[in-house]
Every structure is written in structure tokens, then in C-alpha cells.
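Asks: Please read through the structure below; I'll follow up with questions.
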Amino acid sequence: MEKREEKYRGKAKTVYATDDRRYLVMHYRDDVSAFDGAKLARLEGKGETNNRINAYVMGKLADAGIASHFVRLLNDRESLVRAMKMVPVECVVRNICAGSMAKRYGIDEGYRLPEPIFEFFLKSDALHDPLVNDDHIRVLGWATQHEIEEMKSLTHRVNRVLKPLFAEAGIDLVDYKLEFGHPIDDPNGPLILGDEFTPDGCRLWDAKTGEKLDKDRFRRDLGEVIEHYREVGRRIGAPL
Ligand code: TMP
């Protein structure tokens with residue numbers, strides 16, 4: 001597989017074409033972004049760390065029968081993925097109340113939800129990823145009712161795999177964001193997981209101390225961001 005031209009540059013990753021249109025190279029940069037790009041920085045080693053954590057987590061999901069675009073690690077900072085047509089929404093599951101949900105409803109961060117809560121957000125930095133419901137998504141044509149059901153079901157299935165995986169490492173999986181799409185060579189098949197699963201897109205708290213091990217360290221200026229990402233990788237057994 002030969003790497004070709006840059007196709008898309010996101011806030012933390014760059015995507016390159018390959019000589020096969022069905023596959024792309026996902027390059028994890030050291031850039032970090034928060035608040036829809038309002039806060040930006042470079043964190044030495046983040047690309048490598050996230051590339052490896054993502055590969056490990058996607059492997060665990062594949063073992064559990066949850067398909068994703070991830071094919072294989074190529075090198076320290078790059079993975080081969082299937083080219084996808086993405087659904088323009090973000091799927092969040094919360095086990096513990098934090099972040100925007102705590103703010104929106106005036107609930108204390110740390111409140112353990114009696115059951116997981118699912119939320120959809122529209123993927124739009126310009127609009128600050130507004131919360132949207134099933135009707136918005138279906139009526140405005142972002143996804144079909146069937147795809148809405150698939151996204152909810154898959155996001156909850158991921159929770160049933162990853163919550164225990166992190167718990168065994170002494171980490172509470174507080175919440176996380178997933179994105180789905182159709183591989184371009186299977187546009188009418190089932191939705192599969194795209195993007196990434198790394199400490200950039202979830203909240204992870206030390207189960208004993210409550211210490212934050214995720215991107216909130218950057219958002220809230222807590223310091224030692226990558227040291228904590230690496231700690232997550234080590235604890236779950238990801239080869240770093
Ligand atoms: P929130 O509390 O800001 O709504 O975020 C919930 C979880 O989803 C948190 O782990 C961060 C993640 N997330 C992203 O990574 N990117 C996003 O654009 C959004 C809306 C959430």
C-alpha cells in the first residue's frame with residue numbers, strides 16, 4: 001500500500017490517500033484541540049501515544065465483534081483504515097455525569113447514572129456541536145431511522161466491552177464519543193465505527209482517586225497530559 005496525497009487535515013489527525021481508493025492512511029499528529037478549535041497546542045508524543053491506544057482499543061472491539069475502519073498499524077504515528085462516508089453526527093454515551101451534561105442540567109460532575117445515557121451531537125465546530133435528537137437527524141436527512149438505531153445500539157455495545165476493560169485497569173469510563181460511517185466500497189452495508197477511540201475523545205477517571213486521565217487535563221490546564229495518556233495505555237495493556 002503506497003501513501004499518496006493529503007486528503008483532509010483535521011484538528012489532530014491528517015488523512016492521506018493510498019494507491020487503493022478503498023483505503024486511507026490516518027496520521028496522528030501531536031496537535032491537541034479543545035472547545036471546537038478555540039484552544040490549540042502541541043503535545044510532544046501525543047500522536048504516537050494515541051495511534052497505539054486506538055489500535056489496541058479497536059482490536060479489543062474487533063475481538064468482541066464490533067467492526068471498525070481500523071485495518072492495521074503502519075508505523076508509530078500512522079494506521080491504515082478503510083475509506084468511509086461518515087454520518088455527520090457524534091454519538092456520546094455517559095456512565096457518569098460530567099462535562100456538557102453536568103452544565104446543561106445543573107447536575108454535579110461525578111453523579112453515577114443509574115443506567116447509561118445516549119446523546120447525539122451534530123458534528124459542526126462552527127455551531128459548537130449542538131445536541132440534536134432523532135427527529136432532527138432523520139427529518140434533516142443526516143441519517144435514516146435504521147442508521148439512528150444502528151448508531152445507538154453499536155455505541156451501547158462498545159460500552160459493554162470498554163467499561164469492564166477500563167474497570168479492570170482501575171479506571172472509570174465516564175463518557176466517550178464515537179463516529180460511524182459506511183465503507184465506500186460497502187455503502188449499503190451496516191454502519192461501522194470510524195474516527196478513533198483515545199483519551200482525546202473520552203473521559204477516564206482513576207477509580208480510586210478520581211484523578212483525570214483524559215483530555216480534560218488539557219481543557220482544564222491540569223498539566224502532564226501525555227504522561228496521563230501513557231498511564232492509561234500502560235494500565236489497559238496497550239503496547240506503547
Ligand atoms: P461533552 O461533555 O463535552 O458533551 O463531551 C462528552 C464526551 O464526548 C467527552 O468524553 C468528550 C467527547 N466529545 C469529543 O471528543 N468531541 C466532541 O466534539 C464532543 C461533543 C464530545
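Asks: Given the options Ala102, Ala126, Asn75, identify the residue whose Cα lies farthest towards the positive end of the charge dipole of the chain (+1 on Cβ of Lys, Arg; -1 on Cβ of Asp, Glu).
Replies: The one lying farthest along the dipole's positive direction is Asn75.
Asks: Is there a quick way to get the dipole size of segment 51-186? I mean about its Cα centre, with the Cβ of Lys and Arg at +1 and of Asp and Glu at -1; what is the value in debye to the nearest 20? Please list the in-between numbers first.
Replies: Numbers: 17 positive and 21 negative charges, 46 e Å.
Approximately 220 debye in magnitude.
Asks: In the P(r) worked out for segment 55-119, what percent of Cα pairs fall beyond 15 Å? Before the final figure, lay out the partial values.
Replies: On the way: 1403 of 2080 pairs.
Of the Cα pairs, 67 percent sit more than 15 Å apart.
Asks: Looking at Thr144, Pro164, Val174, which one has the Cα that reaches farthest to the positive end of the dipole of segment 124-194 (charges on Cβ: Lys, Arg +1; Asp, Glu -1)?
Replies: Of the listed residues, the answer is Pro164.
Asks: With the Cα gyration tensor of the chain giving a ≥ b ≥ c as the square roots of its eigenvalues, does the rule (a/c under 1.5 for rounded; else a/b larger than b/c for prolate; else oblate) give rounded, prolate or oblate? Please report the intermediate quantities before stating the final value.
Replies: Values: a/c = 1.44, a/b = 1.11, b/c = 1.30.
Rounded, since a/c falls under 1.5.
Asks: Moving on. Give me the Å³ per residue figure for the convex hull around the C-alpha atoms of segment 124-240.
Replies: Working: hull volume 16.3 nm³, N = 117.
Hull volume over Cα atoms, normalised by residue count, gives 139 Å³.
Asks: Normalized C-alpha radius of gyration of segment 1-84, against 2.2 N^0.38 Å?
Replies: Values: Rg = 13.3 Å, N = 84, 2.2 N^0.38 = 11.8 Å.
So the Cα radius of gyration is 1.12 times the expected 2.2 N^0.38 Å.
Asks: Another question about this same structure. What whole number of Å gives the distance from the Cα centroid of segment 179-215 to the Cα centroid of segment 42-114?
Replies: After rounding, the separation between the Cα centres reads 2 Å.
Asks: Something else: Among Leu222, Leu213, what is the fewest-to-most ranking by other Cβ atoms within 10 Å?
Replies: Numbers: Leu222 12, Leu213 25.
In order of increasing Cβ crowding within 10 Å: Leu222, Leu213.
Asks: Could you order peptides 38-44, 60-66, 178-184 by the average number of other Cβ atoms within 10 Å of their residues, highest first?
Replies: Details: 38-44: 11.9, 60-66: 14.0, 178-184: 19.9.
My ranking of the peptides, most packed first, is 178-184, 60-66, 38-44.
Asks: Just tell me, in residue order, which DSSP H segments of the chain are both 24 angstrom or longer along the helix axis (alpha-carbon based) and at least -1.0 in mean Kyte-Doolittle hydropathy.
Replies: Numbers: long enough: 46-63 (25 Å, -0.81); 145-168 (35 Å, -0.69).
Qualifying helices: 46-63, 145-168.
Asks: What is the magnitude of the charge dipole of segment 179-240 about its Cα centre, with +1 placed on the Cβ of each Lys and Arg, -1 on the Cβ of each Asp and Glu, and no other charges, expressed in debye to the nearest 20?
Replies: The calculation lands at about 380 debye.
Asks: Under a Cβ-only charge scheme (Lys and Arg +1, Asp and Glu -1), can you give me the dipole magnitude of segment 5-55 about the Cα centre, in debye to the nearest 20? Before the final figure, lay out each step's value.
Replies: On the way: 11 positive and 9 negative charges, 34 e Å.
About 160 debye.
Read-outs throughout are calculated quantities, based only on the coordinates presented, and are distinct from any laboratory measurement. Predicted, not measured: the structure shown is a model, and the values here were computed from it. Positions of Cβ are backbone-derived with ideal geometry, glycine not excepted, and every protein chain shown enters the neighbour counts.
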